1. Which number in (1) open to solvent by 30 Å² or more (accessible area, probe 1.4 Å); (2) over 17 Å from the mean Cα position of the chain (by Cα); (3) touching a residue at least 24 places away in the same chain (Cβ under 8 Å) marks the one condition that Phe98 misses?
2. With the requirement that a residue be in contact (Cβ under 8 Å) with a residue 24 or more places away in the chain and among the basic types (Lys, Arg), what does region 118-177 give you?
3. Identify, from the list Ile141, Ile172, the residue that is open to solvent by less than 40 Å² (accessible area, probe 1.4 Å), of a type in the set (Val, Ile, Thr) and over 15 Å from the mean Cα position of the chain (by Cα).
4. Determine the pairs where a residue that is farther than 21 Å from Leu54 by Cα and open to solvent by 60 Å² or more (accessible area, probe 1.4 Å), located within region 16-34, has a partner that is modelled with pLDDT under 85 and among the charged types (D, E, K, R) with Cβ atoms under 9 Å apart, the partner being 6 or more residues away or on another chain.
Amino acid sequence: MLNILLMIILIIILFIIILLYIGVKIALIYDKKGSKLEGCLKILILKKIKVYSLEFPSSDSKKEDEKEDEEEEDEEDESEGRNMKEIFELAKPCFEDFKIFLKSFTRCIKIQKLDNHLIFGLDSYADTGKYIGYIWGLLAIVNRAHKNARLSAEPSFNGSVLDAHGTNEIEISILKMIPPAIRLIMQKEVRELIRGVRNG
């Protein structure tokens with residue numbers, strides 16, 4: 001009886017390791033304008049078996065979002081620019097670490113489609129120009145690494161803006177991605193950035 005139980009446990013562990021090595025397929029379509037986000041997320045294993053699906057916003061939350069948007073839109077507009085600038089200040093020391101991670105990350109994924117466009121702006125023209133340069137640098141790394149990657153960004157000089165839309169289909173080998181992700185999180189500056197985003 002014990003031998004059978006051990007065999008079952010070993011088979012389950014082996015199956016999990018195989019899934020982690022083969023990875024998962026993620027399909028994401030989204031469109032963000034202002035505080036509104038619409039799209040669909042699907043996660044599949046063995047390329048065909050859907051294990052998770054999410055549409056946003058959900059039908060239940062649409063009515064609530066409409067009411068909340070009217071009440072919170074002014075407050076969000078005032079704080080969004082400040083929050084983005086604070087996050088970018090925290091992110092500046094992490095750009096080299098993110099470049100290294102992106103190079104490792106691109107070797108852990110198989111991109112079938114990666115088509116995204118970002119519209120970014122801050123209240124200050126100078127800050128917008130400075131940070132869009134950092135964004136272009138990071139996007140260029142991914143675009144050069146994969147022929148199916150089409151990442152682009154454009155500056156907006158009409159106040160604080162962070163809009164984006166895209167269609168993505170990628171396969172991720174989770175087992176291969178664990179070491180570079182751990183190395184990234186071990187960096188002190190990256191941990192400070194994560195805390196800043198969570199507290200922002």
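1. Against the list (1) open to solvent by 30 Å² or more (accessible area, probe 1.4 Å); (2) over 17 Å from the mean Cα position of the chain (by Cα); (3) touching a residue at least 24 places away in the same chain (Cβ under 8 Å), Phe98 comes up short only on (2).
2. Residues satisfying the conditions are Arg150, Lys176.
3. Only one candidate qualifies: Ile141.
4. Pairs that qualify, where the first residue is farther than 21 Å from Leu54 by Cα and open to solvent by 60 Å² or more (accessible area, probe 1.4 Å) and the partner is modelled with pLDDT under 85 and among the charged types (D, E, K, R), are Tyr21/Lys176; Ile22/Lys47.
The values are calculated or read from the model by the stated rules, or taken from the named source; none is laboratory data. Worth saying up front: this structure is predicted, and the values here are computed from it rather than measured. All Cβ positions, glycine included, derive from the backbone under ideal geometry; neighbour counts span all protein chains shown. Surface areas here come from the heavy atoms of the whole protein model, side chains and all, with no ligands, DNA or RNA. Shrake-Rupley method; radii C 1.70, N 1.55, O 1.52, S 1.80 Å.
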